[in-house]
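See structure below.
The values are calculated or read from the model by the stated rules, or taken from the named source; none is laboratory data. As the structure is a prediction and not an experimental result, all values here were calculated from the model. Using ideal geometry, Cβ is built from the backbone for each residue, glycine included, and neighbour counts are taken over all protein chains shown. SASA here: full protein model, heavy atoms, side chains in, ligands and nucleic acids out. Shrake-Rupley method; radii C 1.70, N 1.55, O 1.52, S 1.80 Å.
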Amino acid sequence: MNGPEIRVDVAPGLRLFVPPARRAGTTALTTDGAATLGHVIESLGVPLTEVGALVVDGREVPPSHIPAAGEHVAVRAVTRPQRVPGAPLRFLLDVHLGTLARRLRLLGVDTAYESTDIGDPALAARSAAEKRVMLSRDRGLLRRRELWAGAYVYSTRPEEQLRDVLDRFAPELRPWTRCTACNGLLHRATKDEVAEQLQHGTRRTYDVFARCTACGRAYWKGAHHDQLEAIVARALSGYAERG
């Protein structure tokens, strides 16, 4: 037996999740009369992590709302910058987002990263245990209820990924304070303290070093420093423009 029919308008920025036949204008959906609105929206393909508000006939309702016949639902995107309550803002990235993880760490953002595929249940459990925002392009992972919080990474290009995450969450930036390899904090180090990690040319050419307090890796302004400086400068410029 058919249940109540509702009309759903999905915000333009979220329509990429919706099947092509349902992307234009208002979509008519027949529900079963028992499913929550959150379940209905997810059945359209839209992860609830990407939904900012659900507005039914002009009033905001929670995802647990049970749709009634004739209701008109507006699915709005997350308001930016998005605030994640209850914990310092920090992230967890899955195996496919290694470059993004290193760039966030370069900017001093607390970013955990799994370099191997440990599976969705384990990732969701770590997100909850450490209160980290899960960043992923895996919609199934973002639908797991045990996540602390999550966000879909829209682009496949690291530069665009970074720009989007900074725009969405506006984390505090403290460039050059974290290890890009392990996320540990960096402290100033003397040349003698990191000597065993230096080639002869590096020992002769450089005098300013830092070392990770977690893994011991040494850092200095080497051949790729200009590229890293450009990444940092673009990020800081974007924050300055935002005011």
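A few notes on this one:
- Looking across the range 51-65 at every residue that is of a type outside the set (A, V, I, L, M) and out of contact with any helix residue (DSSP H, G or I) (no Cβ under 6 Å at 6 or more places or on another chain), the one that is least open to solvent (accessible area, probe 1.4 Å) is identified as Gly52.
- Identity of the residue in the range 145-193, of a type in the set (Lys, Arg) and within 15 Å of the chain's Cα centre (by Cα), that ends up surrounded by the fewest Cβ atoms within 10 Å (Cβ to Cβ): Arg157
- Taken over the range 191-226, the criterion of being polar (S, T, N, Q) and either touching an Asp or Glu at 6+ places or on another chain (Cβ under 6 Å) or modelled with pLDDT under 95 (or both) is satisfied by Gln197, Gln199, Thr202, Thr205.
- Within the range 4-31, being more than 14 Å from Val73 (Cα to Cα), more than 26 Å from the chain's Cα centre (by Cα) and surrounded by 13 or more Cβ atoms within 10 Å (Cβ to Cβ) holds for one residue alone: Arg22.
- Flag if Gly98 is closer than 23 Å to Ala235 by Cα, surrounded by fewer than 19 Cβ atoms within 10 Å (Cβ to Cβ) and small (Gly, Ala, Ser): yes
- Pair list, Cβ under 6 Å, 6 or more apart: the range 63-82 residue under 14 Å from Thr27 (Cα atoms) and in contact (Cβ under 8 Å) with a residue 12 or more places away in the chain, other residue open to solvent by 40 Å² or more (accessible area, probe 1.4 Å) and of a type in the set (S, T, N, Q): none
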